[in-house]
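Okay, structure first, notes after.
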Amino acid sequence: MKTKDVEKLYAEYILPTYKQNGICLVKGKGARVWDLEQREYLDFFPGWAVSGLGHCHPAVVNALKTQSRKILHISNNFLNIKQAELAREIVKNSFPAKVFFCNSGAEALDGAVKVARKFGAASGRYEIITLKKSFHGRTFAGIAATGQDKVKEGFQPMLEGFRYADMNDLESVRQQVTPKTAAILLEPVQGEGGVSTATQDFMQGLRRLCDEKNMLLMVDEVQTGMGRTGRMFAYQHYGLEPDVMTLAKSLGSGVPIGAFVVHNRLGALMGPGSHGCTYGGNPLVCAAGLAVFKAIKKGGLIEKTKKLGDYFGAQLEALKKRQPVIQEIRGLALMRGLALSVPGAPIVEKAAQKGLLINCTQETVLRIMPPLIVTRKQIDRALYILEQVLLESR
Ligand SMILES: Cc1ncc(COP(=O)(O)O)c(C=O)c1O
């Protein structure tokens, strides 16, 4: 089979909801992938930030092999060792909490919205404040929470109860608080929204506001979690604890897993029958999640990400000086955005032709999120390719 044959199958059988780039990937190892015609690429946006440990990390592959020989799936009415152990690992690395497992980021977000509704129910509160330009997934709760009109078009009426404020503008959040507000939800670094990072003042101000008004602070760490920003979870940069956290993407480094994490101080909000998910946290995906935590610890990957992130950031700043088309370098550690003065899509396409996979969001922001196992040499190579593309695009 050739790429054009796969394209024909797509045209005939796949609902065309995604813009395709015409590349058919068939193999991956670390930060590298290969297409059907054996062309090699450096993958600096692996699986939309899912493959945090890179492609086919041996620890994840071995865990999947071992678990798949024992049992793949059991219902959540049975005790599941891997699920219990993975929940313990998440809690050990975050805050005193209980974990619910699901399959994706949007489902995790839906669960968090249900927690906020349950929390507010006793006092008649159900509104959630989210941020403009945020992205929280494609389910109905996800698109309602998302502060971008484009994901809602044609799907009205929305789930009610969401109000939107500006990133890093505490006053605009305060203005959205009503007697019905139950929670504030945000990504500490907005991914789809153009890689904008919450400031210390803003985040701490939100925590104080939530404490003052007895509202929940909920962080969506679907994209920022699992070490990407140089801390296990991005909220840890701010010296505070959220009440609810959502996870997905690199929690399984390639297998579909999501979770929402509810602080113990909320007590027994979500009791038996309040939520469920048939596949959620099955032994196979939780074995992968456990392997991810172990690999991060064993490889000292948080420390390495901090150092590599500093290096990457410095190199990007140097690139910005040489290439005036770059207006601003955004983000933290290995989650970076390059705000351009020109559209980013043609740059992404040309970079792919030269063997570098990156992403563009908000039309003009290049988003670059290499796996945590990336090397300096690979970073240098990626930046070299990017610079060639920028030079040719002038
Ligand atoms: C911050 C954030 N939340 C939620 C989601 C939705 O996750 P999923 O696509 O796994 O449903 C995404 C996906 O990009 C995301 O970046």
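All of the numbers you see were taken from the coordinates with simple rules; none came from a lab. Predicted model only: the values in this text are computed from it and were never measured. Using ideal geometry, Cβ is built from the backbone for each residue, glycine included, and neighbour counts are taken over all protein chains shown.
With +1 assigned to the C-beta of every Lys and Arg and -1 to the C-beta of every Asp and Glu, and no other charges, what is the dipole magnitude of the chain about the Cα centre in debye, to the nearest 20? Each step should come with its number before you reach the end.
Working: 52 positive and 36 negative charges, 217 e Å.
Dipole about the Cα centre, nearest 20: 1040 debye.
Restricting attention to segment 151-201, which GluC sites (Glu not before Pro) occupy a DSSP loop and are surrounded by at most 15 other Cβ atoms within 10 Å?
Sparse-neighbourhood loop GluC sites (Glu not before Pro): GLU153, GLU160.
Give me the Kirkwood hydrodynamic radius of segment 170-259 in Å, from all C-alpha pairs, to one decimal place? Present the calculation step by step, with values, prior to reporting the outcome.
Numbers: mean 1/r = 0.0732 Å⁻¹.
Final number for the Kirkwood radius of segment 170-259 is 13.7 Å.
As a check on your grasp of the helix formula, calculate [θ] at 222 nm for the chain: sum -39500 (n - 2.57) over DSSP H runs of n ≥ 4, divide by the residue count, round to the nearest 500. Walk me through the numbers on the way to the answer.
Numbers: 11 runs with 144 residues, N = 394.
When only DSSP H runs of four or more count, the value is -11500 deg cm²/dmol.
Restricting to Cα pairs below 8 Å that are 6+ residues apart, what does the relative contact order work out to for the chain? Please round to a whole percent.
Numbers: 783 pairs, mean separation 87.0, N = 394.
About 22 percent, as a whole number.
Using C-alpha positions alone, give me the convex hull volume of segment 5-95 per residue in cubic angstrom. Write down the numbers at each step before the final one.
Working: hull volume 17.5 nm³, N = 91.
It is 192 Å³ per residue.
From the C-alpha gyration tensor of segment 49-113, pull out the three semi-axes of the equivalent ellipsoid (sqrt of 5λ each), sorted largest to smallest, in whole Å.
Working: eigenvalues 91, 61, 37 Å².
The equivalent ellipsoid of segment 49-113 has semi-axes of 21, 17, 14 Å.
Tell me the trypsin sites (Lys or Arg not before Pro) within segment 8-57 that lie in a loop according to DSSP and have at most 12 other beta-carbon atoms within 10 Å. The partial results should precede the final answer.
Working: sites: LYS8, LYS19, LYS27, LYS29, ARG32, ARG39; in loops: LYS19, ARG39.
The qualifying sites are LYS19.
At a temperature of 4 °C and a viscosity of 1.567 mPa s, determine how fast segment 71-298 diffuses translationally according to Stokes-Einstein, using the Kirkwood radius over alpha-carbon pairs as Rh; express D in µm²/s, rounded to the nearest whole number.
Working: Rh = 17.6 Å.
Translational D for this selection: 74 µm²/s.
Round to the nearest 0.05 the FRET efficiency obtained for VAL6 and THR278 when R0 = 41 Å and r is the Cβ-Cβ distance. Before the final figure, lay out the partial values.
On the way: r = 30 Å, r/R0 = 0.74.
After rounding, the FRET efficiency stands at 0.85.
Work through the residues other than PHE293 whose Cβ is under 11 Å from its Cβ and net out their charges, Lys, Arg +1 and Asp, Glu -1. Please list the in-between numbers first.
Values: positive: ARG88, LYS92, LYS294, LYS297, LYS298; negative: GLU85, GLU89.
Neighbour charge sum, excluding PHE293 itself: +3.
Would you pull out the residues with amide H under 5 Å of ALA97's amide H, same chain only if 5 or more places away, H placed 1.01 Å from N?
ASN264
Please name whichever of VAL91, PHE119, GLY154 sits farthest to the positive end of the charge dipole of the chain, dipole taken about the Cα centre and charges placed at Cβ: Lys and Arg +1, Asp and Glu -1.
VAL91
Under the Karplus relation 6.51 cos²θ - 1.76 cosθ + 1.60, θ = phi - 60°, what is the ordered set of whole-Hz ³J(HN,Hα) values for segment 35-51, x standing for Gly and Pro?
Per residue, the Karplus-derived 3J(HN,Hα) values read 9, 4, 9, 6, 6, 9, 10, 8, 9, 9, 7, x, x, 6, 6, 7, 7 Hz.
Rounded to a whole number, what is D in µm²/s for segment 243-394 from Stokes-Einstein with the Kirkwood radius over alpha-carbon pairs (20 °C, 1.002 mPa s)?
On the way: Rh = 17.9 Å.
Once the numbers are plugged in, D ends up at 120 µm²/s.
Around SER51, with a cut-off of 14 angstrom between Cβ atoms, what is the net charge of the other residues, counting Lys and Arg +1 and Asp and Glu -1?
Values: positive: LYS27, LYS29, ARG32, ARG228, LYS249; negative: ASP43.
Local charge sum for SER51: +4.
Once you place label points 7 Å from the Cα toward the Cβ at GLU363 and ALA318, how far apart are they in nm?
Spacing of the two 7 Å Cα→Cβ label points: 3.3 nm.
Based on Cα positions only, what radius of gyration and what Dmax would you give for segment 306-394, in angstroms?
Considering segment 306-394 through its Cα atoms, Rg and Dmax are 11.7, 33 Å.
Starting from the exponent 0.38 and prefactor 2.2 Å, build the expected Rg for the chain from its residue count and divide its actual Cα Rg by it.
Details: Rg = 20.8 Å, N = 394, 2.2 N^0.38 = 21.3 Å.
Ratio of Rg to 2.2 N^0.38 Å for the chain: 0.98.
Cα centroids of segment 30-70 and segment 266-293: how far apart, whole angstrom?
A separation of 23 Å, based on Cα centres.
Taking 0.36 nm per residue of separation and subtracting the Cα-Cα distance, what length does fully extending GLN353 through LYS213 add? Can you show the working numbers first?
On the way: separation 140, 0.36 × 140 = 50.40 nm, distance 5.22 nm.
So the extension gain works out to 45.2 nm.
Per residue of segment 140-150, what does 6.51 cos²θ - 1.76 cosθ + 1.60 with θ = phi - 60° give for ³J(HN,Hα)? Whole Hz please, x for Gly and Pro, Karplus curve as stated.
5, 5, x, 6, 5, 6, 5, x, 9, 5, 4
Determine, from the Cβ-Cβ distance of ILE14 and GLN388 and an R0 of 30 Å, the FRET efficiency 1/(1 + (r/R0)^6), rounded to the nearest 0.05.
On the way: r = 33 Å, r/R0 = 1.10.
According to the calculation, E is roughly 0.35.
Within 10 Å, at most 13 other Cβ atoms, and a DSSP state outside H, G, I, E, B define an exposed site. Report the longest part of the chain free of exposed chymotrypsin sites (Phe, Trp or Tyr not before Pro). Display every interim value, and only then the final one.
Numbers: sites that count: TYR18, PHE78, PHE155.
Of all site-free stretches, the longest is 156-394.
Taking Cα pairs under 8 Å and at least six residues apart, what relative contact order does segment 146-211 come out at, in percent? Walk me through the numbers on the way to the answer.
Numbers: 32 pairs, mean separation 18.1, N = 66.
Computed over segment 146-211, the figure is 27 percent.
Going 7 Å from the Cα of GLU37 in the Cα-to-Cβ direction, what parts of segment 365-394 have a backbone nitrogen less than 14 Å from that spot?
What the label zone holds, given the 14 Å backbone N cut-off, is no residue at all.
Could you tell me which GluC sites (Glu not before Pro) in segment 354-394 are loop residues by DSSP with no more than 13 other beta carbons within 10 angstrom of their beta carbon?
On the way: sites: GLU363, GLU387, GLU392; in loops: GLU363.
Qualifying residues, ordered by number: GLU363.
Enumerate the amide H contacts of GLN327 below 5 Å, restricted to partners 5 or more residues apart or on another chain; note that Pro and chain-start residues carry no placed amide H.
Hits under the 5 Å cutoff: ALA339, LEU340, SER341.
Multiplying the sequence separation of THR375 and ASP169 by 0.36 nm and subtracting their Cα-Cα distance, what value in nm do you get? All intermediate terms of the calculation are to be shown ahead of the outcome.
Details: separation 206, 0.36 × 206 = 74.16 nm, distance 3.66 nm.
Length difference between fully extended and current span is 70.5 nm.
Using amide H atoms built 1.01 Å from N in the peptide plane, name the residues 5+ places from ASN359, or on other chains, whose amide H lies under 5 Å from its own.
ARG367
With θ taken as phi - 60° and the coefficients 6.51, -1.76 and 1.60, list the Karplus ³J(HN,Hα) couplings across segment 342-353 in order, rounded to whole Hz; mark glycine and proline as x.
Residue by residue, segment 342-353 yields 9, x, x, 4, x, 5, 4, 5, 5, 4, 4, 4 Hz.
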